[in-house]
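Enquirer: Shown below is the structure under consideration.
The values are calculated or read from the model by the stated rules, or taken from the named source; none is laboratory data. Remember, it's a predicted structure, so these values are computed and weren't measured experimentally. Cβ placement follows ideal geometry from the backbone for every residue including glycine, while neighbour counts extend to all protein chains displayed.
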Amino acid sequence: MKHGYDRHFGSEKPLAFGQVYATLARLLRDGLIDLLGEQAGSGPDRKRYEITEVGRARVTAWMFTPDTPEPLLQSNLFAKTVIALLLGDDANRLLDVQRAAHMRRLRELTAAKRGADLMKILVCDHAMFHIEADLRWIDLTGARLTELQTQVTGA
Amino acid sequence: MFGATEALRGVDIEIHAGEIVAVMGPSGSGKSTLLHVLAGVLKPDSGTVVYHETDITGLNEAERSALRLSEFGFVFQFGQLLPDLNAIDNVTIPLMLAGMKRREALRQSATWLDRLGLDGHGGKLPGELSGGQAQRVAIARALVTAPKLVFADEPTGLLDSLAAENVMVTLTELARAMGTTVVIITHDPRTASYADREIIVRDGRITAGQTAEAAHR
Ligand SMILES: Nc1ncnc2c1ncn2[C@@H]1O[C@H](COP(=O)(O)OP(=O)(O)OP(=O)(O)O)[C@@H](O)[C@H]1O
Ligand SMILES: [Mg+2]
């Protein structure tokens with residue numbers, strides 16, 4: 001599990017082993033995963049878990065809730081995209097949902113600039129360029145989803 | 001449909017009078033084709049385009065051309081001004097085509113050039129104007145007939161951020177003041193942010209923006 005996580009998301013911050021156990025315990029407690037069985041093996045006991053329906057619904061709800069547009073959104077959006085591909089969910093749709101949220105924010109900022117003084121305009125422009133950067137990433141990733149799908153599920 | 005390629009399919013959109021709508025989507029997705037179908041330039045193999053209760057796909061070429069001249073205005077990315085005519089003569093073209101006397105056409109065109117911040121540039125040939133100025137002349141020409149609907153395909157495509165912003169502010173403020181409906185194709189999110197909503201075209205289909213945003217309004 002740790003290895004799977006690290007391969008997709010861990011290039012900057014690999015998962016700590018302790019964190020894996022704590023998270024599994026919490027997911028089990030909340031009924032988001034079930035214990036399938038234990039098998040003795042080398043090292044510590046190997047336990048197998050299965051996601052529950054409630055757990056799967058929670059993942060879907062998280063995935064299709066757009067993030068609040070802000071800097072550093074990308075890492076979360078990247079994770080959502082990869083996980084959508086891993087689960088066979090509609091990655092195009094989550095990118096569309098995010099694009100719509102970003103465009104809405106861009107429209108608000110454009111409206112706020114109308115008749116504003118230059119200081120306000122420059123502050124809005126700063127925010128707008130960051131949102132535009134995200135949007136460019138969203139468009140480019142959208143254009144590369146098929147390729148990404150092959151890499152994510154094929155590796 | 002072009003030959004074996006289906007450029008658009010299953011497209012169902014509604015644009016309300018006075019709305020400003022941005023059309024976005026990857027290159028080759030069918031945005032320009034959609035605009036040409038909406039404007040009656042291209043006749044779709046199937047489907048209808050209803051403008052004020054008239055199905056314009058049922059009109060013949062002459063009728064569609066008359067409709068475009070009297071009701072629609074067009075702005076394109078570049079190269080749309082006639083190179084041998086100066087700015088003001090370029091703006092008079094649609095008025096003269098509609099049968100207006102040259103003197104009156106020149107008077108109205110001059111007013112529009114002023115409105116677009118181009119006073120003093122009317123005598124210049126397109127080659128003597130900057131990209132942003134030429135685009136403003138094109139907007140003046142699109143608006144001079146007081147069209148009900150303006151179609152713009154990448155109107156800011158060749159401009160830098162500030163020139164693009166000036167063009168969009170001018171276009172949308174004038175359009176809102178006149179109650180003109182505007183359909184703008186653009187790759188640029190900032191240009192699209194002057195619209196009321198966006199429509200996303202992908203592989204000839206509308207994939208997002210339509211229903212969610214319509215419900216939002
Ligand atoms: N006159 C034509 N004859 C044949 N195919 C065409 C014609 N015009 C466009 N197409 C095809 O229709 C599809 C959509 O083209 P369209 O010009 O509408 O794309 P677009 O979204 O405007 O792209 P861009 O952002 O690059 O302008 C493309 O596959 C294109 O090759
Ligand atoms: Mg095009």
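Enquirer: Of everything in region B:106-145, what is more than 21 Å from the chain's Cα centre (by Cα) and in contact (Cβ under 8 Å) with a residue 12 or more places away in the chain? Give them in sequence order.
Expert: Scanning region B:106-145 gives B:Leu106, B:His121, B:Gly122, B:Gly123, B:Lys124, B:Leu125, B:Gly127.
Enquirer: If you check A:Leu148, A:Leu109, which single one turns out to be within 11 Å of another protein chain (Cβ to nearest Cβ) and either loosely packed, with under 14 Cβ neighbours inside 10 Å or part of a helix (DSSP H, G or I) (or both)?
Expert: A:Leu109
Enquirer: Return the only residue of B:Val183, B:Val169 being in contact (Cβ under 8 Å) with a residue 12 or more places away in the chain and either surrounded by 20 or more Cβ atoms within 10 Å (Cβ to Cβ) or touching a helix residue (DSSP H, G or I) at 6+ places or on another chain (Cβ under 6 Å) (or both).
Expert: B:Val183
Enquirer: If you don't mind, there's one more thing I want to ask. Across region B:17-37, what is the total count of residues that are within 8 Å of ligand 1 (Cβ to nearest atom), more than 14 Å from chain A (Cβ to nearest Cβ) and assigned to a loop (DSSP other than H, G, I, E, B)?
Expert: 1
Enquirer: How many of the residues making up region B:146-163 are more than 22 Å from B:Leu42 (Cβ to Cβ), touching a Gly at 6+ places or on another chain (Cβ under 8 Å) and either buried (at least 20 other Cβ atoms within 10 Å of the Cβ) or of a type in the set (Phe, Trp, Tyr) (or both)?
Expert: Of the residues in region B:146-163, 1 are more than 22 Å from B:Leu42 (Cβ to Cβ), touching a Gly at 6+ places or on another chain (Cβ under 8 Å) and either buried (at least 20 other Cβ atoms within 10 Å of the Cβ) or of a type in the set (Phe, Trp, Tyr) (or both).
Enquirer: A follow-up question, please. Output yes when any residue across region A:117-125 is at pLDDT 90 or above and touching a helix residue (DSSP H, G or I) at 6+ places or on another chain (Cβ under 7 Å), and no when none is.
Expert: yes
Enquirer: Is it true that B:Leu159 is part of a loop (DSSP other than H, G, I, E, B) and more than 16 Å from ligand 1 (Cβ to nearest atom)?
Expert: For B:Leu159, the condition - part of a loop (DSSP other than H, G, I, E, B) and more than 16 Å from ligand 1 (Cβ to nearest atom) - is met.
Enquirer: B:Ala7 is checked against (1) under 15 Å from the mean Cα position of the chain (by Cα); (2) within 9 Å of ligand 1 (Cβ to nearest atom); (3) at pLDDT below 90 and fails just one. What number does that condition carry?
Expert: The number of the failed condition is (1).
Enquirer: Under 6 Å between Cβ atoms, which residue pairs at least 6 apart in sequence (or on different chains) link something in region B:24-35 that is of a type in the set (Ser, Thr, Tyr) with a partner that is more than 9 Å from ligand 2 (Cβ to nearest atom)?
Expert: Partner pairs satisfying both residue conditions: B:Ser29/B:Val201; B:Ser29/B:Arg202; B:Thr33/B:Ala7; B:Thr33/B:Leu8.
Enquirer: Also, quick follow-up: I need the full set of residues from region A:112-145 which are within 18 Å of B:His187 (Cα to Cα), more than 9 Å from chain B (Cβ to nearest Cβ) and in a helix (DSSP H, G or I), in order please.
Expert: Matches in region A:112-145: A:His130, A:Ala133, A:Asp134, A:Trp137, A:Ile138, A:Leu140, A:Thr141.
Enquirer: May I pose another question? Yes or no: B:Gly10 touching a residue at least 24 places away in the same chain (Cβ under 8 Å) and either more than 16 Å from ligand 2 (Cβ to nearest atom) or more than 14 Å from chain A (Cβ to nearest Cβ) (or both)?
Expert: Taking the combined requirement at face value, the residue satisfies it.
Enquirer: For the condition away from ligand 1 (no atom under 16 Å from the Cβ), under 25 Å from B:Thr186 (Cβ atoms) and not polar (S, T, N, Q), what is the one hit in B:Glu14, B:Glu53?
Expert: Only one candidate passes the filter, namely B:Glu14.
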